[in-house]
Amino acid sequence: MSSVPDGKKLVRSPSGLRMVPENGAFNSPFSLDEPQWVPDKECPRCMQCDTKFDFIRRKHHCRRCGRCFCDKCCSKKVVLPRMCFVDPVRQCAECSLVSQKEMEFYDKQLRVLLGGGTFVVTLGTSEKSETMTCRLSNNHRYLFLDGESHFEVELSRISSMQILTDGTSPGENDIHTYTSLLDSHCISEGGTSRASGMLLHYKPMGSQDAQQLRMEAADDKKAASLWLAAMHKAAKLLYEARDQ
């Protein structure tokens, strides 16, 4: 549960030093498992340029995909926070590009999500709304909503999410939909208009019945829009992680 301390420990793997949660069950949903390395005996040649390995041309494993490359094709050392590495690690050209793109999320959007935004929140079909601050928990596993009341939503129990946006012209609206963030087969995205609200369906702890949660930007619409845009990035990262 969210009340478990976020203790960390330093562990050494074949790929390098990692700072991981003491309880592995409480990993960040944005984290990725280390890949199994392709066995040395199964890669006599570089899996990118087909150069044959010998005593001079040594083989190296990409820490993100686990495939085997020569030094030329796997020379970059890039930070990889999704696998909790302490230092930059060796990655192939393809993986290093992906990791570099993800750094924008960790450097910018994740900080916005942890900082929170203020929204008018409506639970279910209730006609009563409450102004609440919504932020991502430090372990990235929960959305905390605080106002006169308090409750939390576990990201892994979200079945669908819609980001509502203001259109670029009157009457125009976009809906960005992620159906089942962690295990869905379909996704549709709208344009790049400013985010104005979010509609979630999730299953509260101890219940199998879906609950609806609607959030609309409160007074500081710019800050709320930035938070929603960051949440959209987070959802996309979770969705794409299913295939990694």
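The values are calculated or read from the model by the stated rules, or taken from the named source; none is laboratory data. These figures come from a predicted structure and were not determined experimentally. Here the Cβ is made from the backbone with ideal geometry for all residues, glycine too, and neighbour counts use every protein chain on show. Protein only, heavy atoms only, side chains kept; ligands, DNA and RNA dropped before computing areas. Shrake-Rupley method; radii C 1.70, N 1.55, O 1.52, S 1.80 Å.
A few points about this structure:
- The stretch 100-132: number of residues that are at pLDDT 95 or above and more than 21 Å from TYR142 (Cα to Cα): 0
- Any pair with Cβ under 6 angstrom, 6 or more apart, that starts in the stretch 107-136 at a residue that is without any contact (Cβ under 8 Å) to a residue 24 or more places away in the chain and under 16 Å from GLU152 (Cα atoms) and ends at one that is outside any strand (DSSP E or B) and not small (Gly, Ala, Ser): none
- Condition met for ARG63 (touching a Phe, Trp or Tyr at 6+ places or on another chain (Cβ under 8 Å), part of a helix (DSSP H, G or I) and either among the polar types (S, T, N, Q) or touching a residue at least 40 places away in the same chain (Cβ under 8 Å) (or both)): no
- Every residue from the stretch 54-70 that is open to solvent by less than 80 Å² (accessible area, probe 1.4 Å) and closer than 22 Å to GLY16 by Cβ: LYS59, HIS60, HIS61, CYS62, ARG63, ARG64, CYS65, GLY66, ARG67, CYS68, PHE69, CYS70
- Test: residue in the stretch 15-23 that is among the charged types (D, E, K, R) and either touching a Leu at 6+ places or on another chain (Cβ under 9 Å) or in the same structural domain as GLU152 (by the TED database) (or both): yes
- Those residues of the stretch 84-132 which are open to solvent by 60 Å² or more (accessible area, probe 1.4 Å), under 13 Å from the mean Cα position of the chain (by Cα) and among the acidic types (Asp, Glu), in sequence order: GLU104, ASP107
Matching residues to (1) over 20 Å from LEU143 (Cβ atoms); (2) at pLDDT 60 or above; (3) of a type in the set (A, V, I, L, M):
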{"position": "GLY171", "(1), (2), (3)": "yes, no, no"}
{"position": "THR179", "(1), (2), (3)": "no, no, no"}
{"position": "HIS185", "(1), (2), (3)": "yes, no, no"}
{"position": "SER188", "(1), (2), (3)": "yes, no, no"}
{"position": "SER207", "(1), (2), (3)": "no, yes, no"}
{"position": "ALA230", "(1), (2), (3)": "no, yes, yes"}
{"position": "ALA235", "(1), (2), (3)": "no, yes, yes"}
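- Here GLN208 meets each of (1) within 16 Å of SER156 (Cβ to Cβ); (2) open to solvent by less than 50 Å² (accessible area, probe 1.4 Å) with one exception, condition (2).
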